[in-house]
Amino acid sequence: MQPLVFGRPLSHMTPMKLVDTDILLVPGLGNSGPGHWQRRWLEKFPHATWVEQDEWDEPDRDSWIAALHRAILMATRPVVLIGHSLGNHAIVQTAAMLADTKIKGALLVSPPDLEHPDVPPGTAVFRPMSRDPLPFASLMIVSDTDPYCSVSTAGDLANCWGSELHVARDAGHINVASGHGLWPDGLMMLGRLLKRV
C-alpha cells in the first residue's frame, strides 16, 4: 500500500514501544472473525486485549461504550486503541466521556459514514457521528474503494477528530473480504503511530 496522506500530521513526541503499552482491539459490527487482521494482531501483540461486546449484530450504543470504558480503566499501562469500522465510532464517543485519559493513541481503520445509504442498519445507534476532536494522537486509514465511506467524508471526519489520514488504494473495507489478513501495511502504520506517542 502506498498511501496518500491528508490532514494534520501527528505531533512529534517521544517514541513509545509496543511492549510498554496495553493494546485494546475494538472490532466493529458483527465482530472481527477468524482471519481478520485484528484477530491476527491479537495473537501477535503482547498485552493485547479484545474488547468484547454482549451483542455484536444489534449493538446498543451505551453498552458498547461502557464495555470499552471498562477495558480502558482496567488497563495497567498506557493504552493504544486499534479500531475497525463501527468500533471507531465507539472509540470516538467513549473518548468524549474521559476527563483524564491514559490513552496515548488510536489507529482508526475504515470508520463508516453512518449516513451512507449502504451502511448496515445496526450502525444507526451511533448517530449522530461525533465531530469532537480526540484528546490523543490518532491515525486514520481508509480506502478509496470502501463501500461505506467516501474519501471526502473520511477526510472531514479526520479533520474533526484531529487525525492524520492515510488513503489506501483499492483496499475495500480493509477486512477479510478485501483480502486483508495479517495486513503488514497496517502494522507499518501502527509503528508510525507509536513513534509519535
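Just so it is clear, none of the values below were taken in a lab; they were calculated from the coordinates. Just so you know, these numbers come straight off a predicted model, no measurement behind them. In this analysis, Cβ positions are derived from the backbone assuming ideal geometry, glycine residues included, and neighbour counts consider all displayed protein chains.
Rounded to the nearest whole Hz, the Karplus-based 3J(HN,Hα) values (6.51 cos²θ - 1.76 cosθ + 1.60, θ = phi - 60°) of the stretch 140-152 follow the sequence 9, 10, 10, 10, 7, 10, 5, x, 10, 7, 7, 4, 5, with x at glycine and proline. In this simple spin-label approximation, R77 and M188 carry label points 7 Å from Cα along the Cα→Cβ vector, and these lie 2.5 nm apart.
Amide H contacts for I103 (H built 1.01 Å from N in the peptide plane; partners 5 or more residues away or on another chain; cut-off under 5 Å): V79. The distance linking the stretch 144-165 with the stretch 49-101 is 20 Å (Cα centroid to Cα centroid, whole angstrom).
Over the stretch 135-197, the Kirkwood radius and the radius of gyration, each from Cα atoms, give a ratio Rg/Rh of 0.97.
Note down the relative contact order for the stretch 4-194 as a percent, whole number, built from C-alpha pairs under 8 angstrom at least six residues apart.
Details: 365 pairs, mean separation 51.0, N = 191.
Relative contact order comes out at 27 percent.
Here's the list of lysines a cross-link from K44 could span, going by alpha-carbon distance under 22 Å and ignoring same-chain residues fewer than 8 apart: K17, K104, K195. Gyration tensor over the Cα atoms of the chain: the corresponding equivalent ellipsoid has semi-axes (square roots of 5 times the eigenvalues, largest first) of 21, 20, 17 Å.
Given the -39500 (n - 2.57) contribution per DSSP H run of 4+ residues, what per-residue ellipticity at 222 nm results for the chain, rounded to the nearest 500 deg cm²/dmol? Could the numbers behind the result be given before it?
Values: 5 runs with 54 residues, N = 197.
After summing the helix terms and dividing by the residues of the chain, the value is -8500 deg cm²/dmol.
Using DSSP, restrict attention to beta bridges with both residues in the chain and report what percent are antiparallel, rounded to the nearest 5. Walk me through the numbers before you get to the answer.
Values: 3 of 27 bridges.
In the chain, approximately 10 percent of DSSP beta bridges are antiparallel ones.
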